[in-house]
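Comments concern the structure below.
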Amino acid sequence: MTGSITFINHASVLISIDGSHIITDPNYNRSVGWVAPRMQKPGIPFNDLPRIDQILISHSDYDHLSMRTLRRLRRRNQSTVLVPHGDAKYARKAGFETICEMNLWQTYECNHTRITCVPAKHKSNRALFQRIKQMCCGYVIENHDTVVFFAGDTGYGEHFKEIASRFSIKAALLPIGAYKPHNWFRELHLNPETAVQAFLDLKAEILIPIHWGTFKISDEPLREPPTLLLEQASRHGVTDKIHILKNGGVIKLL
């Protein structure tokens, strides 16, 4: 089974397998809120996107759940939206009718595609004074022998080994940016060092870094994460398994 992964920007990735098109955490906004401007154009112009079959939302932070982008996608076609438990209200507000609100390890199936909601170590608090943190997750997409893991936002934890015990992952889409200041982000986001360790825990075939170089939401230089990632990969002897895609970059899945 052949397919492809296209890095659009930030955590927005187009996964095309067996004629189906899945988009993760789509964000075509010019900024995150009023303080974090977009520093690069999306790798696929919005009007050039194919018909989207499934939209995967990992959590409700503004850089991952863009209501404006969801509404634009809704005007194009009625995709199925997969969200973590508690976030269906956002998809309904955007006008979607087919919504799957997922609990951990729950699986959605359509034709030959299986999408499983998996753990993430992150806290989402879209409302400033909200007391209860909303659920965060990643997704494993399976189609025949092709297995892709989209991590969403996550810190390092034992959940990567648990995911590896259940799935034989071909491509791991792991966040590598937004890690400075370390004291603020270390429990919320992977950094280049912990991303390599997560990749090793997952026993995946290739690592495609995401969540870097698009929005200025942290203190490290925008181009630093992939450089440090390659340094860490070299220390572990896995440089050949790292595929750094620029916005719009494509990797084929065989």
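The values are calculated or read from the model by the stated rules, or taken from the named source; none is laboratory data. Computed from a prediction, not measured in an experiment: that's the story for all the values here. Because the Cβ atoms are built from the backbone with ideal geometry, glycine has one as well, and the counts that use them run over all protein chains shown.
A few notes on this one:
- Selection from region 98-114 of residues that are modelled with pLDDT of 95 or more and either out of contact with any His (no Cβ under 6 Å at 6 or more places or on another chain) or over 14 Å from Gly138 (Cα atoms) (or both): Thr98, Ile99, Cys100, Met102, Leu104, Trp105, Gln106, Thr107, Tyr108, Glu109, Thr113, Arg114
- In region 192-210, the condition of being within 24 Å of Gly43 (Cβ to Cβ), surrounded by 19 or more Cβ atoms within 10 Å (Cβ to Cβ), of a type outside the set (A, V, I, L, M) and in contact with an Asp or Glu (Cβ under 7 Å, 6 or more places away or on another chain) is met by no residue.
- Filtering Ile244, Ile210 for residues that are more than 25 Å from Tyr62 (Cβ to Cβ) and within 16 Å of the chain's Cα centre (by Cα) leaves a single hit, Ile244.
- Pairs, first more than 21 Å from His189 (Cβ to Cβ) and free of Cβ contacts under 8 Å to residues at least 60 places away in the same chain in region 58-71, second outside any loop (DSSP other than H, G, I, E, B) and among the aromatic types (Phe, Trp, Tyr), C-beta under 9 Å, six or more apart: Met67/Tyr90; Thr69/Phe46; Leu70/Tyr90
- Among the residues of region 17-52, the ones that are crowded, with 19+ Cβ neighbours inside 10 Å and among the small types (Gly, Ala, Ser) come to 2 in all.
- With respect to the conditions (1) in a loop (DSSP other than H, G, I, E, B); (2) farther than 22 Å from Thr154 by Cα; (3) among the charged types (D, E, K, R), Asp61 lacks only one, and its number is (2).
- Residue within region 234-254 that is among the basic types (Lys, Arg) and part of a strand (DSSP E or B) present: yes
- Residues that are surrounded by fewer than 23 Cβ atoms within 10 Å (Cβ to Cβ), hydroxyl-bearing (Ser, Thr, Tyr) and part of a loop (DSSP other than H, G, I, E, B), drawn from region 151-186: Tyr156, Ser168
- Look at (1) within 18 Å of Ser12 (Cβ to Cβ); (2) assigned to a strand (DSSP E or B) and you find that Trp212 fails only one, number (2).
- A search for C-beta distances below 6 Å between a residue of region 226-249 that is within 16 Å of Thr214 (Cα to Cα) and in contact (Cβ under 8 Å) with a residue 12 or more places away in the chain and any residue that is of a type in the set (Phe, Trp, Tyr) and surrounded by 13 or more Cβ atoms within 10 Å (Cβ to Cβ), counting only pairs 6+ apart in sequence or on different chains, returns Leu245/Phe7; Gly249/Phe7.
- The number of residues in region 27-65 being farther than 18 Å from Ser16 by Cβ and out of contact with any helix residue (DSSP H, G or I) (no Cβ under 9 Å at 6 or more places or on another chain) comes to 18.
- Number of the exception - Pro225 against (1) more than 17 Å from the chain's Cα centre (by Cα); (2) modelled with pLDDT of 95 or more: (1)
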